[in-house]
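Nothing in this text is a laboratory measurement; each read-out follows from the coordinates by a stated rule. This one's a predicted model, so the numbers in the text were calculated from it and none came from an experiment. Neighbour counts run over all protein chains shown; Cβ positions are idealised from the backbone, glycine included.
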Amino acid sequence: MTLIEPDGIWCDVRTPGFPAHRPALFLDRDGTLIELVDYLASPDKVCLIDAVVEAIRTANNAGVAVVVVTNQSGIGRGYYDWTAFEAVQTRLYELLMAADARIDAAYACPHPPPSAGGPAGSLYRKPAPGMFLRAGTDLALDLVKSRVAGDTSADLAAGKAAGLSAGLLVETGYGDRDLVAARALEDDRYDVAWADWS
Ligand SMILES: [Mg+2]
């Protein structure tokens, strides 16, 4: 993996040479891909959410890139470091491999919100689209045909800002809290769906 400077964004392209011009399924991590644990820094607390594993396998088999995009403000807040983050990621990849599911790239933003000492105008912290755009460049993705799944409206807003065509608000994590805000993002070029992986 690499830290993208000057902003210190985690960038891990796990499938080098992924074919160009494919769509992606972007996935939030905490509360979407794994059970929500606030400021997760312990690999033994990683628990996969079954519905998303099935969706990852489907995407893998369809030639759709699977890209994790995760806000990790606990790093910027000093609660844990990149080493702890990497240990959690390693556990996640072990569990996914055992389930025959593959993540093609992962991005993490350590910025807290400005109210917690983070940079004003972060290009990467969702709802900003920077991690999606970076993945689009790194994997030569077709962003217009790509989708995002997440448990907050910030995940879906970031996908919309990156030019994706659809967002899925999952019912896990914070999902039921953000349904109204997610629905408000829908327009004629951005579909919003609720907890339906089909
Ligand atoms: Mg989340």
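Tabulated data for the structure shown
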{"item": "Part-to-part distance (alpha-carbon centres) for the stretch 31-109 and the stretch 131-167, which is given in Å", "result": "17 Å"}
{"item": "Peptides 3-9, 40-46 ordered by average Cβ neighbours within 10 Å, highest first", "result": "40-46, 3-9"}
{"item": "Candidates per chymotrypsin sites (Phe, Trp or Tyr not before Pro) in the stretch 14-113, loop by DSSP, up to 15 other Cβ within 10 Å", "result": "Tyr39, Tyr79"}
{"item": "Amide proton proximity set for Trp194, modelled H, under 5 Å, gap of 5+", "result": "Leu169"}
{"item": "Phi-based couplings in Hz for the stretch 110-116 (Karplus 6.51, -1.76, 1.60; Gly and Pro marked x)", "result": "x, 6, x, x, x, 5, 10"}
{"item": "The chain - percent relative contact order, Cα under 8 Å, separation 6 or more", "result": "23 percent"}
